[in-house]
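Peer 1: Can you keep this structure in mind? I'll have questions shortly.
The values are calculated or read from the model by the stated rules, or taken from the named source; none is laboratory data. Because the structure is predicted, anything quoted here is derived from the model rather than measured. Please note: Cβ atoms are built from the backbone with ideal geometry, for glycine as well, and neighbour counts cover all protein chains shown. Only protein heavy atoms, including side chains, enter the accessible area calculation; ligands, DNA and RNA are left aside. Shrake-Rupley method; radii C 1.70, N 1.55, O 1.52, S 1.80 Å.
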Amino acid sequence: MLYTTHTNLHPHIGITFTMKLFFTVFVLLGVGVAVVTDEVVCQTDRDRDHRVRFSCEMAGFRTLPEGILPATEVLLFPKNQFSSLYWESFQIFTKLHKLDLNSNQVSQVTPSAGPLLPHLKVLGLRRNRITSLADGAFSACPALTNLYLNNNLIELLSDHTFAGLSKLEILDLSNNRIRVLPPLLLRPLHAIETLYLERNQISELPEDWFSPKEDVPYLYLFANPWACFCNLMYLHTYLQAYFFNFYMYDGQTFNASKTSLVSECTGQTN
């Protein structure tokens, strides 16, 4: 693997740093050898909000590469090979605002001893291999507002999985394998506005599950095997009171709709 770097000054963007990684694969063809070279570019620039950004996609990284500016505010590593999230690895980025580890191989999020990333607002962990999350898994980033955990293999959550995330507004847990919702899961989430739980294996909603924040403006609960008996009475009552908060995705657009949830339970077709 060969690294080559160069630095350019741009009058509007600031500093752009490009890292080129060359991967050479030798394939034996009969008595000959074929050489295939793939070039991956990692770049430092500024995003639309003028935050210092480092992005590197499909580079095969398992850990953070050296040489990233500590002042970086946006780190983008989609489609790499990170297998775990250790908050200590990122604590040098004291101004970090966004971290994208989508489409990696993350199976574990290790809780930290304290708030290591006090300015982190957006965390992307879509399409990884997470099966469960420990208590206080995200205690390293108490300012988090957007957390994307969709399209993982999550089966288990606890009452304290999201402890300390009092500023979290968007939580996406869709397309997982969640069967049971812990009774107090939402209690730390005082600011929650959008909750995605569609396409899981949830059949029951615990009593008073939305307390103390009853009014969650955007709820996505469709495509779950809701059990239609007395244990679902709380959801039925909640649905009647807050029907305007229920939404569904039809493959193209998000629409306000409680009918999909009703039909799933009653067996009626709308």
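Peer 1: Decide, for the stretch 89-240, between rounded, prolate and oblate: order the square roots of the alpha carbon gyration tensor eigenvalues as a ≥ b ≥ c, take rounded if a/c falls under 1.5, and otherwise choose prolate if a/b is larger than b/c, else oblate.
Peer 2: Prolate.
Peer 1: Which order do I92, I170, I154 take by accessible area at a 1.4 Å probe, largest first?
Peer 2: The residues order as I92, I170, I154, largest area first.
Peer 1: Could you check the simple spin-label distance between R177 and A134, using points 7 Å along Cα→Cβ, in nm with one decimal?
Peer 2: With each label point 7 Å from Cα toward Cβ, the separation is 2.1 nm.
Peer 1: Is the shape of the stretch 48-118 best called rounded, prolate or oblate, per the rule: a/c under 1.5 gives rounded, else a/b larger than b/c gives prolate, else oblate, with a ≥ b ≥ c the square roots of the Cα gyration tensor eigenvalues?
Peer 2: Cα axes put the stretch 48-118 in the oblate bin.
Peer 1: Right, here's the next one. For the stretch 172-186 and the stretch 41-111, write down the distance between their C-alpha centroids in whole Å.
Peer 2: 27
Peer 1: Separation between the K213 and E193 pseudo-spin-labels, each 7 Å from Cα along Cα→Cβ, expressed in nm?
Peer 2: Each label point is offset 7 Å from its Cα along the Cβ direction, giving 1.0 nm.
Peer 1: Considering only protein heavy atoms, with the full assembly of protein chains and a 1.4 angstrom probe, order L101, L116 by accessible area, largest first.
Peer 2: L116, L101
Peer 1: From the protein chains alone at 1.4 Å, what is the descending order of accessible area for S89, S158, largest first?
Peer 2: Accessible-area ranking of S89, S158, largest first: S89, S158.
Peer 1: Please report the projected area of the stretch 98-177's Cα convex hull averaged over all directions, in nm².
Peer 2: If I average the Cα hull's projected area over directions, I get 4.4 nm².
Peer 1: List the residues of the stretch 187-219 whose backbone N lies under 14 Å from a point placed 7 Å from the Cα of K167 along the Cα-to-Cβ direction.
Peer 2: 190-192
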